Amino acid sequence: MKIENVEFHYLANDTILDIGDGSQDALLVHVRMDDGSEGWGECEAAPLVSIAAWCCPMSHLACKPLKATVIGFEINGPADIYALTDRVRRNSFDLLQADHTLSGIDIALWDMLGKKRGEPVWNLLGYANAYPKTAYASQLFGDTPQQTYEKAVQSREAGFRAAKFGWGPFGLGSPETDIDHVRAAREGLGPDLALMIDAGTVWVHDVARAAAVLPALREAKAVWLEEPFTSGALKAYAALAQQDGCARLLAAGEGSHDPDMAFNLMDFGKLGFIQIDTGRIGGISSAKKVAEYAEKTGVVYVNHTFTTSLALSASIQPFAGLKDSPWCEFPVESAPPSRLLTKERLLPDANGQIRLPDAPGLGVDINPDTIARYGRQVSIQYENQMLWSSK
Ligand SMILES: [Mg+2]
C-alpha cells in the first residue's frame with residue numbers, strides 16, 4: 001500500500017505564554033494510505049515551521065520538501081517505515097526541520113500499521129512484553145522554593161511515586177537559591193519518592209556552576225541531573241560526569257534530532273540516562289535505534305514528552321520492552337489542546353505506573369471536538385501558488 005495523503009492539524013491554546021511548557025500548541029499528523037488505512041502521529045517543536053518543511057519548494061537535490069519523498073512511498077511492513085526515514089534524510093539533508101516533520105509522519109505510520117495488523121506498536125517493534133513504567137510527575141519549578149515545596153506535596157498526594165522539577169527560575173540566580181529549591185522539592189515529596197532535577201540547559205557549558213549544586217543533589221538523593229548543558233556540549237557533560245558521585249547521574253538527549261546525536265551523548269557525554277522525544281528525533285523508528293544502543297551500552301532509556309497522550313504512547317513504545325529502563329516522563333501540567341486531544345488519557349495506575357494499551361497501533365483515539373475547538377487555520381502561499389492550506 002502507498003501513502004496517499006498526509007494531513008496536518010495545528011492546534012493552539014488561545015494564548016501562548018512565554019514559559020517552558022511545550023503543551024500550549026500541537027501539530028497532529030494524519031496519514032492515509034491508498035487502501036484506506038489510517039494512523040495518527042504528532043510532531044514536537046514549532047508546528048508552522050514543520051508544516052513549511054512538508055510543502056516548501058525544492059531548493060536543490062538534497063533540500064526537498066518532505067512531501068516529495070513521502071507521498072506515494074510504499075509501506076507494507078516495519079522495514080519500509082525504517083526505509084522511509086533513510087530516504088527522507090537523504091532527500092532533505094539541508095532542510096533542518098525535516099526530522100521534526102518526519103517524526104509525526106513516522107509515528108502515524110507505525111500507528112497505521114499496528115491498526116491494520118491488529119497489533120500494538122511495541123509488538124511490531126519486536127517486543128514480547130510492554131513493561132509498566134513508573135511515571136514521574138514532570139513539572140516546572142515554582143517561582144519560589146515555597147511554591148516548589150507545595151507542588152511537591154501535591155505530587156505526593158496525587159499518588160505519584162516520583163517527580164521531576166525543571167526550568168522556571170532554576171539555575172538563573174545563585175547556587176544557594178537552586179539548593180533551596182532542591183531541598184524544598186525533597187521536603188515536599190517526603191523521603192520515599194524519587195526526585196529528578198532538570199536544569200533545562202541553563203548553564204550552557206559552565207561546568208563549575210553546575211558542580212555547585214551537586215552536594216544538594218546528593219543530599220536530596222536525586223536520581224538524575226538533567227540537561228545541565230546544551231545538547232552538543234559533550235566536553236562539559238564528560239567533565240561533570242567525572243566529578244565525585246556523578247558517574248551515572250547525568251541525563252540528556254531530548255534535543256536529539258537524529259540517533260547519532262543521542263549516540264554521541266551516550267558515548268562522549270558519559271550519560272547515565274538518555275532521554276528521547278519521538279516527536280523530535282525522527283519518530284519511533286529513530287527512537288528504537290537509540291533504545292537498542294542504550295540497552296547494549298548499559299544506559300537507561302527514558303522517554304521525553306510534555307504534551308498529549310498520543311505523544312506519551314508514542315514515546316514509550318520504543319523502550320516498552322526494556323525492563324531495566326523503568327522510568328516514564330508523565331506531563332502533569334498540560335495545556336487544554338494537549339490534555340484534551342485524545343478520547344482516553346494514559347494515566348498512572350494505583351501504583352503510579354503507566355501501562356501501554358494492548359490495543360492496536362498506539363492505542364489512543366483522537367477527539368475530533370478538540371481539533372474543532374483548538375484547530376487553527378493556516379495557509380502557506382508562494383507568489384500566486386497556494387502551497388498548503390488547512391482544510
Ligand atoms: Mg528536560
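The values are calculated or read from the model by the stated rules, or taken from the named source; none is laboratory data. Every value quoted in this text rests on a predicted model; they were computed, and no experiment measured them. Counting neighbours? That spans all protein chains shown, and the Cβs are built from the backbone with ideal geometry, glycine included.
Report, by residue number, each residue of the stretch 204-221 that is under 20 Å from Met266 (Cβ atoms) and crowded, with 22+ Cβ neighbours inside 10 Å.
Ala210
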ask   = Applying the selection to the stretch 168-204, what residues are of a type in the set (Gly, Ala, Ser), within 14 Å of the ligand (Cβ to nearest atom) and out of contact with any Lys or Arg (no Cβ under 9 Å at 6 or more places or on another chain)?
value = Gly168, Ala199, Gly200
inquiry  = For the stretch 378-388, check the following and say yes or no: at least one residue is of a type in the set (Asp, Glu) and in the same structural domain as Phe8 (by TED's automatic domain parsing).
reply    = yes
ask   = Can you name the number of the only condition in (1) under 19 Å from Leu347 (Cα atoms); (2) buried (at least 17 other Cβ atoms within 10 Å of the Cβ) that Gln154 fails?
value = (2)
request  = Could you please give the count of residues in the stretch 7-58 that are closer than 12 Å to Met112 by Cα and part of a strand (DSSP E or B)?
outcome  = 9
request  = Run Ala262 past the list (1) more than 20 Å from Leu214 (Cα to Cα); (2) part of a loop (DSSP other than H, G, I, E, B); (3) within 15 Å of the ligand (Cβ to nearest atom); (4) not polar (S, T, N, Q) and report the number of the one that doesn't hold.
outcome  = (2)
Among the residues listed as Leu28, Leu48, the single one being touching a His at 6+ places or on another chain (Cβ under 9 Å) and of a type outside the set (S, T, N, Q) = Leu28
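Specify which of the listed residues (Asp106, Asp99) is in contact with a His (Cβ under 9 Å, 6 or more places away or on another chain), among the charged types (D, E, K, R) and assigned to a helix (DSSP H, G or I).
After applying the criteria, what remains is Asp99.
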message = Can you list the helices (runs of 4 or more DSSP H) lying wholly within the stretch 274-383 that have 3 or more residues being closer than 29 Å to Leu84 by Cα and of a type in the set (A, V, I, L, M)?
response = 284-297, 309-316
Residue match in the stretch 239-253 (condition: within 16 Å of the ligand (Cβ to nearest atom) and either within 30 Å of Tyr10 (Cα to Cα) or of a type in the set (Lys, Arg) (or both)) = yes
inquiry  = With the requirement that a residue be within 16 Å of Phe141 (Cβ to Cβ) and away from the ligand (no atom under 16 Å from the Cβ), what does the stretch 219-238 give you?
reply    = Ala220
message = So, in the stretch 1-60, how many residues would count as being buried (at least 20 other Cβ atoms within 10 Å of the Cβ), aliphatic (A, V, I, L, M) and within 19 Å of the chain's Cα centre (by Cα)?
response = 6
inquiry  = Please go through (1) within 18 Å of the chain's Cα centre (by Cα); (2) basic (Lys, Arg); (3) farther than 28 Å from Ala163 by Cβ for Arg339 and return the number of the only condition it doesn't satisfy.
reply    = (3)
ask   = If you take the residues of the stretch 186-203 that are small (Gly, Ala, Ser) and in contact (Cβ under 8 Å) with a residue 40 or more places away in the chain, which of them is surrounded by the most Cβ atoms within 10 Å (Cβ to Cβ)?
value = Gly188
